[in-house]
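Notes follow once the structure below has been shown.
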Amino acid sequence: MRPSKHTGRTILASLMDLYLLLHSVLMHISAAIIILIYIPLSIPVKLFVWAVVKPLRKEDLSGKVVLITGASSGIGEELAYQYAKKGACLSLVARRKQALEGVAAAARERGSPDVLVVPADVSDPEQSRRAVEETVSHFGKLNHLVANAGTWSICFFDEITNITAFTKMMDVNFWGSVYPAYYALPHLKASKGKLVVSSSIAATAPASRLSLYNATKAAQLRFYETLRSELGSEVGITILTAGFVESEMTKGKAIQRDGEVAVDEEARDAQIGVFPVARVQKLCEVALNGIRRGDWYVTWPSLYRPVPLIACLAPEVLTWQSYALYNAKKGSPPLSQRMQEATGAKRFYPPSLRRHPGVKTERTDDHEEDAASNV
């Protein structure tokens, strides 16, 4: 007697369930082996490599060609100066030509033998392609790409009045780092070069009033982590996960709830609270050291290094902390702001934040630059 179609489907379903169960068991066994055996054994090896091997193999940057996006201010500007001190040739990319020329002059004074200024908006794929092509045409090669352009917003998601205006944040933060990488990759493979992306520690954990910003940075972070698995050792990838660092963003420039760009120091103070704001020079010194060593991640200030682990093991703690710090009854300041005022933490801001937040602006193509973006 031949089995019925129903019996055949039942057997097939049972086999599929058994197949899934087998993979589930294997996955859990693998996880146990990694946690109980691999991690304890790998820690002393990693410490030895970090303390002994990597310092002896730091990359010599003299004569290397480095393209930096978002180079007209903040982290991008300071990284240009740090590369210049090591004798690297620079291609500085941003929309604000006048600001870029000022950075270029300062980079030459710090030791860069050749600096190219390329005004471009990296959220536009054609302009990203042009920036890479002009760099390679001028220098004949490309060794490092630093994808640093970025913008942010600090407002609650349900208070946004013009949601379509926030697509610019995804365009700059995510696509503005993907497009240059796409066009630069063949040249970086040829030179066995490096990709450096300026992300944020906020991408690894929940933070109230940063929902859309976190989403763009999380997408960026996962993209580069996945790209690392695709490229292997062909191109090195270093991801900078910075906390609060002095820049135009921490001066209060952000996309407001109506989609307009403005300086809001009160909102900035509420977001920072009692957390320290690091000097951008120190961040970039630490970052370049990690880049030269070939580190996968550079997190600074160091107080943020446990955040990804806490987010993995106890996400509810970070969620509760974020809610408690930043949510407040209507008309009253959030706990973070009250704590800042009570402790006087604002006096520990870097001098550039305590002054009136002057930012580099100029008109380009008859429209005003988006002054909140780090470009």
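Decide, for the range 58-171, between rounded, prolate and oblate: order the square roots of the alpha carbon gyration tensor eigenvalues as a ≥ b ≥ c, take rounded if a/c falls under 1.5, and otherwise choose prolate if a/b is larger than b/c, else oblate. Prolate. Across the chain, C-alpha contacts under 8 Å between residues 6 or more apart give a mean separation that, scaled by the residue count, equals a relative contact order of 18 percent. Taking all protein chains as shown and a probe of 1.4 angstrom, residue 138 keeps an accessible surface of around 90 Å². Simple rule: put +1 on each Lys or Arg Cβ and -1 on each Asp or Glu Cβ in the chain, find the dipole, and look at 350, 311, 184; the Cα lying farthest toward the positive end is 311. Among 31-40, 117-126, 236-245, sorting by the average number of other beta carbon atoms lying within 10 angstrom of each residue, highest first, gives 236-245, 117-126, 31-40. Please work out whether the range 8-68 counts as rounded, prolate or oblate from its C-alpha gyration tensor, where a ≥ b ≥ c are the square roots of the eigenvalues and a/c under 1.5 means rounded, while otherwise a/b larger than b/c means prolate and anything else oblate? Oblate, since a/c reaches 1.5 and b/c is not below a/b.
Once you have a ≥ b ≥ c as the square roots of the Cα gyration tensor eigenvalues for the range 1-127, tell me rounded if a/c is under 1.5, and otherwise prolate or oblate according to whether a/b is larger than b/c. The shape class here is oblate. Placing unit charges on each Cβ (+1 for Lys and Arg, -1 for Asp and Glu) gives the range 8-94 a dipole about its Cα centre, and among 55, 67, 36 the Cα reaching farthest toward its positive end belongs to 55.
What number, in percent, do you get for the relative contact order of the range 221-340 if the mean sequence gap of Cα pairs under 8 Å and at least 6 apart is divided by its residue count? The value is 29 percent. Rounded to the nearest 20, the Cβ-based charge dipole of the chain about its Cα centre (Lys and Arg +1, Asp and Glu -1) stands at 1240 debye. Here the scattering of the range 179-292 is modelled by Debye summation over its C-alpha atoms, one equal scatterer each and no solvent; at q = 0.20, 0.23 Å⁻¹ the log10 of I(q)/I(0) is -1.16, -1.34. A dipole drawn for the chain from +1 and -1 charges on Cβ atoms has a positive end, and of 207, 195, 90 the residue lying farthest that way is 195.
Once the 1.4 Å probe is applied to the protein heavy atoms, the chain comes out at 51 Å² accessible per residue.
Checking the cross-link pairs 168/329; 97/217; 253/346; 64/189; 85/194; 251/329 against a 20 Å limit on the alpha carbon distance flags 168/329; 97/217; 251/329 as lying beyond it. Magnitude of the charge dipole for the range 231-282, about its Cα centre and with charges confined to Cβ atoms of Lys, Arg (+1) and Asp, Glu (-1), is about 240 debye.
With the simple model of a label 7 Å out from the Cα in the direction of the Cβ, residue 97 to residue 10 spans 7.8 nm. To the nearest 500 deg cm²/dmol, what mean residue ellipticity at 222 nm is calculated for the chain from DSSP H runs of n ≥ 4 alone, each contributing -39,500 (n - 2.57), summed and divided by the residues? Per the formula, -14500 deg cm²/dmol. For the range 21-27, putting each phi into the Karplus relation 6.51 cos²θ - 1.76 cosθ + 1.60 with θ = phi - 60° gives couplings of 4, 4, 5, 5, 4, 4, 5 Hz, in residue order, rounded to whole numbers and with x for Gly and Pro.
Label positions at residue 338 and residue 311, each projected 7 Å from the Cα along the C-beta direction, are separated by 2.8 nm. Once you divide the Cα radius of gyration of the chain by 2.2 N^0.38 Å, the number left is 1.12.
Taking a sphere under 14 Å around the Cβ of residue 333 and counting the other residues whose Cβ falls inside, with K and R at +1 and D and E at -1, yields a net charge of +1.
The values are calculated or read from the model by the stated rules, or taken from the named source; none is laboratory data. On a predicted model such as this, the values are computed, not experimentally measured, just so you know. FYI the Cβ positions are ideal-geometry reconstructions off the backbone, even for glycines, and counts take in every protein chain you see. Only protein heavy atoms, including side chains, enter the accessible area calculation; ligands, DNA and RNA are left aside. Shrake-Rupley method; radii C 1.70, N 1.55, O 1.52, S 1.80 Å.
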